[in-house]
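Shown next, in structure tokens, is the structure this report addresses.
The values are calculated or read from the model by the stated rules, or taken from the named source; none is laboratory data. Remember, predicted model here, so these are calculated numbers, not experimental data. Backbone-built Cβ (ideal geometry, glycine too); neighbour counts: all protein chains shown. The protein model used for the area step is the full one, side chains on, heavy atoms only, and it has no ligands, DNA or RNA in it. Shrake-Rupley method; radii C 1.70, N 1.55, O 1.52, S 1.80 Å.
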Amino acid sequence: MNKSQLVDAMAKDAGISKSAAKKALESFLDNVQGALKGGDKVALIGFGTFSVQTRKAREGRNPATGKTIKIPAKKVVKFKAGSDLAKSVN
């Protein structure tokens with residue numbers, strides 16, 4: 001499912017216009033992104049939790065040449081599925 005399909009499904013389920021559903025989805029995404037940038041977690045009970053973790057700098061190998069390279073530290077977004085979501089998939 002892509003973004004436009006999700007907007008269509010949200011509009012149909014909520015009985016609202018597609019433009020209102022698109023605004024709601026974009027607001028949700030912007031607020032999640034803003035919270036994560038600010039260092040907060042976003043926990044949606046039953047669905048899951050979005051968080052930011054820092055990966056340490058490490059050494060790796062270039063698979064083409066076999067040379068050792070340094071991989072810098074960086075922040076990554078993590079998502080852990082909630083119990084209701086996990087049960088619905090299985």
Checklist outcome for this item: Subset of region 1-16, residues surrounded by 12 or more Cβ atoms within 10 Å (Cβ to Cβ) and assigned to a helix (DSSP H, G or I), comes to LEU6, VAL7, ASP8, ALA9, MET10, ALA11
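Which one is most open to solvent (accessible area, probe 1.4 Å), of the residues in region 17-71 that are among the aliphatic types (A, V, I, L, M) and farther than 30 Å from SER83 by Cβ?
Taking region 17-71 as the starting set, the residues that turn out to be among the aliphatic types (A, V, I, L, M) are 20-21, 24-25, 29, 32, 35-36, 42-45, 52, 57, 64, 69, 71.
Checking the rest, the ones that are also farther than 30 Å from SER83 by Cβ come to 20, 57, 64, 69, 71.
Details: ALA20: 41, ALA57: 71, ALA64: 94, ILE69: 75, ILE71: 52 Å².
Checked region 17-71; the qualifying residue most open to solvent (accessible area, probe 1.4 Å) is ALA64.
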Checklist outcome for this item: Filtering region 72-90 down to residues that are more than 22 Å from ASN31 (Cβ to Cβ), open to solvent by 90 Å² or more (accessible area, probe 1.4 Å) and either among the hydrophobic types (A, V, I, L, M, F, W, C) or in a helix (DSSP H, G or I) (or both) yields LYS87, VAL89
Item to check | Filtered residue count, region 25-69, keeping only those that are assigned to a strand (DSSP E or B) and without any contact (Cβ under 8 Å) to a residue 24 or more places away in the chain | outcome: 10
